[in-house]
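To start, the structure itself, in structure tokens.
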Amino acid sequence: MPELPEVETVRRGLQPAMEGARIERLELRRPDLRFPLPENFAEAVGGRRIVALGRRAKYLLIDLEDDLTIISHLGMSGSFRISEGRQDAVQGEFHHPRSKDGKHDHVIFHLEGAKGPAQVIYNDPRRFGFMHLWKRSELDLYPAFAELGPEPTGNALDADYLAARFSGKAQPLKGALLDQTVIAGLGNIYVCEALWRAHLSPKRAAGTVVTKTGRPKKELDLLTEAIRAVIADAVAAGGSSLRDHIRTDGSLGYFQHSFSVYDRESKECRTPGCGGTIARITQAGRSTFYCPTCQK
């Protein structure tokens, strides 16, 4: 499933074509994706201008005039592409390859923007993605957002906040960091990478990085910095695809080439002077990659 940097890459790729454009027509080629599409969806958004594109955790937000927002989740195989009288360009870098097969084009935004007409096409072979329509002024009440933690790139995420959430917890650090009520949008790949950068074992109890008085230990300071850094690096590189996919400008995302632990089982650890070997274990049904030698 796409993680936060992939969704942010999609948002940035769609922004030039969608922001400020008017939805001349919304074409729905089926009544549902993972869930039924909103009632009277085409009528509700047709004719409205797109005022901004945003993101909350792994959700794309398409803000419209008159206090409406389309909330979109890509699921396992969903993607957007732009058609402007040229070859379609798939937006984003993904773990799994994205389809351009027209039979899986389920929702098409027919737009009129400053540069003329364009189509933004949502394609989803497995139909695990979805779109909902919500009042922008009430986004905090959207069920999936109601209990989300702070964004990993926002000012609300600091060591003091994590200390308060981790204090007294026996839960492994890996599981605590994947909890979306703790940090919104942080997924498996980036948790593995951040823990490696902070030299912390994914099996270590979350409470052990907090003092008895509830203050963050130096290790938690380093972990907080590592989370911010790994997300920033991934966004700057255009996502974390394990395959090559073309971004908006035709360049490729290569953050996957700088993975230090993820998907590197049995390879040498990249920590200078470590000499350890990357191992893979399963935690809560997810693969965890780490170095048993330098991550304690």
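For segment 212-220, the condition holds for at least one residue, the condition being that it is more than 15 Å from the chain's Cα centre (by Cα) and among the hydroxyl-bearing types (Ser, Thr, Tyr).
Would you call ALA44 surrounded by 21 or more Cβ atoms within 10 Å (Cβ to Cβ), of a type in the set (Gly, Ala, Ser) and modelled with pLDDT of 90 or more? So ALA44 fails the test. So, SER266, is that one part of a loop (DSSP other than H, G, I, E, B) and either of a type in the set (D, E, K, R) or at pLDDT below 95 (or both) or not? Answer is no for this residue. From the set of residues in segment 1-31 that are among the β-branched types (Val, Ile, Thr), in contact with a Phe, Trp or Tyr (Cβ under 8 Å, 6 or more places away or on another chain) and part of a helix (DSSP H, G or I), which is farthest from ILE50 (Cα to Cα)? That would be VAL7. Considering segment 62-85, the residues that are surrounded by fewer than 20 Cβ atoms within 10 Å (Cβ to Cβ) and in contact with a Ser or Thr (Cβ under 9 Å, 6 or more places away or on another chain) include one that is farthest from ALA184 (Cα to Cα), namely ASP67.
Yes/no matrix, rows are residues, columns are (1) surrounded by fewer than 20 Cβ atoms within 10 Å (Cβ to Cβ); (2) polar (S, T, N, Q); (3) in contact with a helix residue (DSSP H, G or I) (Cβ under 9 Å, 6 or more places away or on another chain):
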site: ALA163; (1), (2), (3): no, no, yes
site: GLY168; (1), (2), (3): yes, no, yes
site: GLN171; (1), (2), (3): yes, yes, yes
site: GLU193; (1), (2), (3): no, no, yes
site: ARG215; (1), (2), (3): yes, no, yes
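Pairs are defined by a Cβ separation below 7 Å, a sequence spacing of at least 6 or placement on different chains, a first member in segment 188-207 that is part of a loop (DSSP other than H, G, I, E, B), and a second member that is of a type in the set (D, E, K, R) and crowded, with 20+ Cβ neighbours inside 10 Å; the pairs so defined are PRO202/LYS174.
Hydrophobic (A, V, I, L, M, F, W, C) and farther than 23 Å from PRO5 by Cβ: does that describe ALA206? It is true that ALA206 is hydrophobic (A, V, I, L, M, F, W, C) and farther than 23 Å from PRO5 by Cβ.
State the number of residues belonging to segment 98-114 that are in contact (Cβ under 8 Å) with a residue 40 or more places away in the chain and exposed (fewer than 14 other Cβ atoms within 10 Å of the Cβ). I'd like the intermediate steps shown before the answer.
At the first step, the residues of segment 98-114 found to be in contact (Cβ under 8 Å) with a residue 40 or more places away in the chain are 98, 105-114.
Then keep just the ones that are exposed (fewer than 14 other Cβ atoms within 10 Å of the Cβ); that gives 114.
Number satisfying all stated conditions: 1.
Taking the listed residues THR181, THR153, the one that is modelled with pLDDT of 95 or more and not in a helix (DSSP H, G or I) is THR181, with no other qualifying. Across segment 37-86, the qualifying residues are those that are among the small types (Gly, Ala, Ser) and over 24 Å from the mean Cα position of the chain (by Cα), and the one among them that is farthest from PHE145 (Cα to Cα) is GLY85.
The values are calculated or read from the model by the stated rules, or taken from the named source; none is laboratory data. Computed from a predicted model, the values in this text were never measured in an experiment. Reconstructed Cβ throughout: ideal geometry from the backbone, glycine too, with neighbour counts over all protein chains shown.
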